[in-house]
Amino acid sequence: MNKLLHWHTWIGDTGRRYVYLQLLWLAHALLGAVVVGVFPATAALTAVLRRDRMAADGWAHSADRPRLPIEFHQVWRRELVAANGLGYLLAALWAFVLLDHRMLRTVEIPLAPVLQGLLWLLTAALVCVTATVWVLQAHFAEGPLRLLRRAGVLLVGRPLLSLACAATTVATACLSYLLPGLVVVFGVVVPTAVAVGLVWRSGVLPRPDGTSTAVPLPVAPGAASTLA
């Protein structure tokens with residue numbers, strides 16, 4: 001009975017926190033008029049969920065953290081430039097891929113089936129990179145190109161991990177299409193929380209003491225980790 005009560009309490013507390021985080025994400029996306037606010041809001045959401053995971057594993061102390069709205073806003077302001085750099089680079093890559101899909105549907109060339117297959121592989125890889133790169137952005141103080149490289153290394157080195165994160169993102173998008181109300185309540189926070197949990201528990205990220213349960217991703221010379 002105590003275990004059942006514990007699970008009910010945990011589900012209620014987690015669900016309430018996720019709804020609150022989703023509302024903070026929406027508010028900060030609008031605060032930046034979407035075009036400037038949505039990517040820093042995503043970075044802030046990922047950073048908060050990462051700190052939650054670290055606190056659950058004993059690597060961070062809840063007493064050292066400010067109240068949730070303050071913590072979220074502080075990260076949002078700090079990541080205004082860096083997150084937009086990463087976000088718009090990803091947007092450019094997606095625009096390139098989607099444009100190529102459209103062109104291949106309208107132009108008839110002998111190698112079209114082969115090119116279409118390669119393009120779908122590239123699209124799948126980009127979905128995996130998009131699903132994991134924000135977790136890496138929250139953990140490493142690096143530029144967008146290095147972060148994309150890390151996400152690519154993660155895809156090659158841990159394909160099942162990247163595919164699991166991507167599958168959660170795609171499943172959430174499909175479910176949100178069928179039930180649009182979920183977008184407002186859980187549409188961003190759930191796939192982000194799953195990606196943070198999967199990547200953190202995989203052991204590919206170095207812990208605050210420099211240890212890891214698995215071989216960490218390659219650290220470029222001069223790279224810093226934002227473990228606080």
Result of the Cβ filter at 6 Å on region 118-136, keeping first residues that are more than 16 Å from THR172 (Cα to Cα) and partners that are open to solvent by 30 Å² or more (accessible area, probe 1.4 Å) and modelled with pLDDT under 95, at least 6 apart or interchain, is LEU119/ASP100
ask   = Looking at this structure, is VAL107 open to solvent by 40 Å² or more (accessible area, probe 1.4 Å) and modelled with pLDDT under 95?
value = yes
Residue check, SER176 within 24 Å of LEU21 (Cα to Cα), assigned to a helix (DSSP H, G or I) and over 12 Å from the mean Cα position of the chain (by Cα):
yes
Counting only residues in region 119-153 that are in a helix (DSSP H, G or I) and farther than 21 Å from ALA164 by Cα, the one least open to solvent (accessible area, probe 1.4 Å) is identified as PRO144
Flagged in region 154-187 as over 15 Å from VAL127 (Cα atoms), of a type in the set (Val, Ile, Thr) and either in contact (Cβ under 8 Å) with a residue 12 or more places away in the chain or surrounded by 19 or more Cβ atoms within 10 Å (Cβ to Cβ) (or both), in numbering order, are VAL184, VAL185
Exercise for the section: Return yes or no: is LEU26 touching a Gly at 6+ places or on another chain (Cβ under 9 Å), more than 17 Å from ALA138 (Cα to Cα) and either modelled with pLDDT under 95 or surrounded by fewer than 21 Cβ atoms within 10 Å (Cβ to Cβ) (or both)? Expected result: no
Of ARG67, ARG150, ARG77, the only residue that is touching a residue at least 60 places away in the same chain (Cβ under 8 Å) and within 26 Å of GLY197 (Cα to Cα) is ARG150
Within region 88-95, does at least one residue satisfy the condition of being open to solvent by less than 20 Å² (accessible area, probe 1.4 Å), part of a helix (DSSP H, G or I) and closer than 19 Å to GLY152 by Cβ?
yes
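The values are calculated or read from the model by the stated rules, or taken from the named source; none is laboratory data. Here the structure is a predicted model, which is why all the values come from computation and not from measurement. Ideal geometry is used to build each Cβ from the backbone, glycine not excepted, and the neighbour counts take in all protein chains shown. What goes into the accessible areas is simple: the full protein's heavy atoms, side chains included, and nothing from ligands, DNA or RNA. Shrake-Rupley method; radii C 1.70, N 1.55, O 1.52, S 1.80 Å.
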